[in-house]
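Working notes, structure below.
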Amino acid sequence: MTKPRLSVIGTGYLGVTQAACMADLGFDVVAVDVNAEKIDRLAGGSLPFFEPGLAELVGKSLDSGRLRFTTSYDDIADSDVHFICVGTPQQRDSNAADLSYVDSSLDSLLPRLRNPCVVVGKSTVPVGTAERVAARITAEAPAGADVELVWNPEFLREGWAIEDTLRPDRLVFGVTSSRGEQCMRSVFEPLIDAGVPVVITDLATAQLVKVAANAFLATKISFINAMAEVCEVVHGDVKKLSEALSYDSRIGGRFLHAGLGFGGGCLPKDIRAFMARADELGVDQALSFLGEVDAINQRRRARMVDLALESLDGNFRDCRVGVFGASFKPNSDDIRDSPALDVASRIHDAGAEVIVYDPAALDNARRMYPALDYADSAVGAAHDADVLLHLTEWREFRDMDPAVLDDVVRRKNIVDGRNALDPERWRSAGWHYRALGRP
Ligand code: UDX
């Protein structure tokens, strides 16, 4: 059987990873995006974002001729399978997801579909979107009856995008017929043969799996951060608490690291969009706990600002604050809803001089937070600092020898917002070390 020809619509994290991984599996892939500058860059083998290993994989697939980038939907009209990988950001004036990119990609794709094909939704969407997409296909595609819709949510984490795509924990196919299921089984055959579990379900459940997974992960993080709040009052140690909980195999230790909480382009917006959708569906009570999950997450940022202030005897004026970390998590240059930059700018607004260093996200941070000051090294950010804030747990910071900062800082104060530094190491080097949720 000849391999189906694939198209990928949207060249963000999800789309580029999907396109490069599928080309690596031996498929011919054409990736389309309306942003010509992005397409030019990608066609030249360079990525508009940082993701370990992905530039190499894109380069390899371009060289083999199995991957092409284009701005023209005409180039994908004859593909057998179309993956919709466009972004669904939070709306500017509400918590709901903005589906305009999904709709505009369908505006361009559907009128061009003349052959039987399968449209696969991968973007994270409010439940009910797939059913609306199916109705649009029936109404607008010239080959309407022969165009099948499948929902196949993606669970990739930034920093692990290739691994999560080629060796996912599970594959979920929301289908309306055996044709859709067979198509997905043939596209994902190498992964299925390697033992990846497959869940076949309906469209509604497939859409829900994604938001339910992100809601659960956010809840797990906020649960341990709520325990950190309690620890702070009773002088307990949330890190020990989390370790003890993690040995219970029913609980497990992953996503149980207490600290500054979650940020990024997914968890915060996905739980808010899920609540907004539940509201529309009249089941808002079922998800009201997610409002608390969000509130706990926000309170950690405020608590971090308080700890910094306490280290400075209650006054930010005339103080220099060195910030280690700008990205929303290590091994990423993504600063979307970054807890680190949120805290840094709150402290700047409160009157301190704030100098930020990050190993990968400085360019993005400079662009989005021009009022902050930046340094090109950790030592530079620590120069004359009255307090250092460790806000993104890059290995570089975890491995740092406190002695290198001895003659650099003005006062030896450090607040560990990620519970990732070794308190003994810093204290024995003469530092006043504080952390979230620890004595
Ligand atoms: C997440 C989901 O993990 C992924 O499955 C989904 O497809 C997209 O959203 P991502 O946003 O890349 O992925 O980041 P992730 O690694 O999940 O971390 C999210 C945030 O939670 C980060 O800010 C991280 O610092 C924080 N986090 C994570 C914690 O505060 N504690 C933890 O124990 C784990």
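The values are calculated or read from the model by the stated rules, or taken from the named source; none is laboratory data. Computed from a predicted model, the values in this text were never measured in an experiment. When we count neighbours, we look across all protein chains shown, and the Cβ atoms used for this are built from the backbone with ideal geometry, even at glycine. Keep in mind that these areas ignore ligands, DNA and RNA; they rest on the heavy atoms of the full protein, side chains included. Shrake-Rupley method; radii C 1.70, N 1.55, O 1.52, S 1.80 Å.
Please state which of the following conditions Asp294 fails to meet, knowing it meets all the rest: (1) modelled with pLDDT of 95 or more; (2) within 12 Å of the ligand (Cβ to nearest atom); (3) open to solvent by less than 70 Å² (accessible area, probe 1.4 Å).
So the condition that Asp294 fails would be (2).
Among the candidates Asp74, Asp78, single out the residue that is in the same structural domain as Asp164 (by TED's automatic domain parsing) and either modelled with pLDDT of 95 or more or not in a loop (DSSP other than H, G, I, E, B) (or both).
On the way: Asp78 fails: either modelled with pLDDT of 95 or more or not in a loop (DSSP other than H, G, I, E, B) (or both).
Among Asp74, Asp78, only Asp74 is in the same structural domain as Asp164 (by TED's automatic domain parsing) and either modelled with pLDDT of 95 or more or not in a loop (DSSP other than H, G, I, E, B) (or both).
Collect the residues in the stretch 167-179 that are more than 15 Å from the ligand (Cβ to nearest atom) and open to solvent by 20 Å² or more (accessible area, probe 1.4 Å), keeping them in residue-number order. Please lay out each step first, then the result.
First, the residues of the stretch 167-179 that are more than 15 Å from the ligand (Cβ to nearest atom): 173-179.
Matches in the stretch 167-179: Val175, Thr176, Ser177, Ser178, Arg179.
I'd like the full set of residues that are open to solvent by less than 20 Å² (accessible area, probe 1.4 Å) and more than 11 Å from the ligand (Cβ to nearest atom), limited to the stretch 321-334. Don't jump to the end; show me each part of the working.
Taking the stretch 321-334 and keeping what is open to solvent by less than 20 Å² (accessible area, probe 1.4 Å), we get 321-327, 332, 334.
Residues satisfying the conditions are Val321, Gly322, Val323, Phe324, Ala326.
Scan the stretch 135-157 and report the pairs whose first residue is assigned to a loop (DSSP other than H, G, I, E, B) and away from the ligand (no atom under 16 Å from the Cβ) and whose second residue is open to solvent by 40 Å² or more (accessible area, probe 1.4 Å) and among the charged types (D, E, K, R), with Cβ atoms within less than 9 Å and a gap of 6+ or a chain change.
Ala141/Arg112; Ala141/Arg114; Pro142/Arg112; Pro142/Arg114; Ala143/Arg114
Please state which of the following conditions Gly314 fails to meet, knowing it meets all the rest: (1) open to solvent by 20 Å² or more (accessible area, probe 1.4 Å); (2) more than 11 Å from the ligand (Cβ to nearest atom); (3) at pLDDT 95 or above.
Tallying (1) open to solvent by 20 Å² or more (accessible area, probe 1.4 Å); (2) more than 11 Å from the ligand (Cβ to nearest atom); (3) at pLDDT 95 or above, Gly314 fails exactly one: (3).
Could you list, in sequence order, all residues of the stretch 336-364 that are open to solvent by less than 20 Å² (accessible area, probe 1.4 Å) and closer than 15 Å to Glu51 by Cα?
Correct list: Ala361 only.
Could you please find all residues in the stretch 180-198 being surrounded by fewer than 14 Cβ atoms within 10 Å (Cβ to Cβ) and in a loop (DSSP other than H, G, I, E, B)?
Across the stretch 180-198, the qualifying residues are Ala194, Gly195, Pro197.
Got a sec? Which of Phe255, Phe289, Phe223, Phe216 is assigned to a loop (DSSP other than H, G, I, E, B) and either open to solvent by 20 Å² or more (accessible area, probe 1.4 Å) or within 15 Å of the ligand (Cβ to nearest atom) (or both)? Explain how you work it out, then say what you get.
Numbers: Phe289 fails: assigned to a loop (DSSP other than H, G, I, E, B); Phe223 fails: assigned to a loop (DSSP other than H, G, I, E, B); Phe216 fails: assigned to a loop (DSSP other than H, G, I, E, B).
Going through Phe255, Phe289, Phe223, Phe216 in turn, the sole match is Phe255.
Please pick out the residue among Arg398, Arg418, Arg346, Arg425 that is of a type in the set (Lys, Arg), farther than 12 Å from Phe324 by Cα and within 25 Å of the chain's Cα centre (by Cα).
On the way: Arg398 fails: farther than 12 Å from Phe324 by Cα; Arg418 fails: farther than 12 Å from Phe324 by Cα; Arg425 fails: within 25 Å of the chain's Cα centre (by Cα).
Every option except Arg346 fails the conditions.
Looking at the stretch 277-284, can you tell me whether even one residue there is more than 16 Å from the ligand (Cβ to nearest atom), surrounded by 14 or more Cβ atoms within 10 Å (Cβ to Cβ) and closer than 19 Å to Val209 by Cβ?
yes
Can you tell me how many residues within the stretch 259-271 are of a type outside the set (Asp, Glu) and in contact with a strand residue (DSSP E or B) (Cβ under 9 Å, 6 or more places away or on another chain)?
Narrowing the stretch 259-271 to residues of a type outside the set (Asp, Glu): 259-269, 271.
Now narrow it down to the ones that are in contact with a strand residue (DSSP E or B) (Cβ under 9 Å, 6 or more places away or on another chain): 259, 268-269.
Looking only at that region, the number is 3.
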